[in-house]
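The values are calculated or read from the model by the stated rules, or taken from the named source; none is laboratory data. Source: prediction; values computed, not measured. Quick reminder, even Gly has a Cβ in these numbers, built from the backbone with ideal geometry, and neighbours come from all protein chains shown. Side chains are part of the model used for accessible areas, which takes the heavy atoms of the whole protein and leaves out ligands, DNA and RNA. Shrake-Rupley method; radii C 1.70, N 1.55, O 1.52, S 1.80 Å.
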Amino acid sequence: MENSKTQRLLVMRHGERLDSHDRNWKRTAARPYDTPITKHGEAEAHRAGKARFPKKNIQLVYSSPFLRCLQTAQQVCNALGLPGMHTCNGLSEIIAAGCSMRGVPEVPAPDVEQYGLNILTPDESPLAQYPETVKDAIARYLAVFQRLADQHWPESLLLVTHEYGVRQAMVLGGCRDDVEASYCGHVELSRTEREQTWKIEDYVDVYKYDNFF
């Protein structure tokens, strides 16, 4: 039987946000939509990279340009011995007022160099227009997952994004349940050369969401 190439797509949420730990942070922050992660979040991301991904043959890491994702991606790169990350604006947070934005955000941060990040290729394409609807954000996430995977076939990729992005990765793999992703939660999808439909191989710290408000 002829061998068929397999591609893995791992979609991961960022580590613990500083503003979830320090409720006063947003009150004085110049850019309240772009919280860093905590020291615990950094350690959590490094542990995740070291424990979960060494055997996944990840060749490229893409990150949302928001600081919390860039810091998370850097920790995973450090754990895996990868040279750095590429940014992808399509992996961004939903561009909306509910995410502490009053317009299109300025990301990455102007002072991003102080965080010791190794960004190999910055994405200079525009962000989504403000205000972005949830429906538009869903379409954006699904489109960028497919575009990056097709662009790099058959290489295995890690995409560091936001919780809503992880939810859409589950949808891409055929999940129809409402889910929520904890910090550093991830979904692993795969597809073969013969069968291009994505399927869910594994997920960690992603749960069925049954707390409706």
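A quick yes/no check of all residues on (1) of a type in the set (G, A, S); (2) within 18 Å of V166 (Cα to Cα); (3) in a helix (DSSP H, G or I); (4) within 17 Å of the chain's Cα centre (by Cα):
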{"residue": "R8", "(1), (2), (3), (4)": "no, yes, no, yes"}
{"residue": "K26", "(1), (2), (3), (4)": "no, no, yes, no"}
{"residue": "T35", "(1), (2), (3), (4)": "no, no, no, yes"}
{"residue": "G41", "(1), (2), (3), (4)": "yes, yes, yes, yes"}
{"residue": "E44", "(1), (2), (3), (4)": "no, yes, yes, yes"}
{"residue": "P65", "(1), (2), (3), (4)": "no, yes, no, yes"}
{"residue": "G98", "(1), (2), (3), (4)": "yes, no, yes, no"}
Subset of the stretch 53-76 [more than 23 Å from A128 (Cβ to Cβ), touching a strand residue (DSSP E or B) at 6+ places or on another chain (Cβ under 6 Å) and either of a type in the set (S, T, Y) or crowded, with 23+ Cβ neighbours inside 10 Å (or both)]:
none
Of all residues making up the stretch 78-90, the number that are open to solvent by less than 30 Å² (accessible area, probe 1.4 Å) and closer than 20 Å to D205 by Cβ
1
Close pairs (6 angstrom Cβ cut-off, 6 or more residues apart or separate chains): farther than 15 Å from Q71 by Cα in the stretch 115-126, surrounded by 13 or more Cβ atoms within 10 Å (Cβ to Cβ) and of a type outside the set (V, I, T) anywhere
T121/H86; D123/C88; D123/N89; S125/N89
Is there a residue being farther than 30 Å from S4 by Cα and either buried (at least 18 other Cβ atoms within 10 Å of the Cβ) or free of Cβ contacts under 8 Å to residues at least 12 places away in the same chain (or both) anywhere in the stretch 147-157?
no
Determine whether the stretch 51-63 contains at least one residue that is in a strand (DSSP E or B), of a type in the set (K, R) and in contact with a Lys or Arg (Cβ under 8 Å, 6 or more places away or on another chain).
no
Counted residues, the stretch 21-42 - those being surrounded by 14 or more Cβ atoms within 10 Å (Cβ to Cβ) and touching a residue at least 12 places away in the same chain (Cβ under 8 Å):
12
Could you please find all residues in the stretch 102-116 being in contact with a Pro (Cβ under 8 Å, 6 or more places away or on another chain) and open to solvent by less than 60 Å² (accessible area, probe 1.4 Å)?
V107, P108
Where G84 falls short, out of the listed (1) at positive phi; (2) modelled with pLDDT under 95:
(2)
For E93, indicate whether it is touching a helix residue (DSSP H, G or I) at 6+ places or on another chain (Cβ under 9 Å), open to solvent by less than 50 Å² (accessible area, probe 1.4 Å), touching a residue at least 60 places away in the same chain (Cβ under 8 Å) and acidic (D, E).
yes
Filtering the stretch 117-135 for residues that are closer than 30 Å to Q7 by Cα and exposed (fewer than 15 other Cβ atoms within 10 Å of the Cβ) leaves a count of 9
Test A139 against the stated conditions and say whether it is more than 20 Å from V187 (Cβ to Cβ) and either part of a loop (DSSP other than H, G, I, E, B) or open to solvent by 50 Å² or more (accessible area, probe 1.4 Å) (or both).
no
Residues of the stretch 165-212 being assigned to a helix (DSSP H, G or I) and of a type in the set (D, E, K, R), in sequence order, are R167
Picking from I58, I94, the residue that is in contact with an Asp or Glu (Cβ under 8 Å, 6 or more places away or on another chain), of a type outside the set (S, T, N, Q) and closer than 20 Å to C184 by Cα would be I94
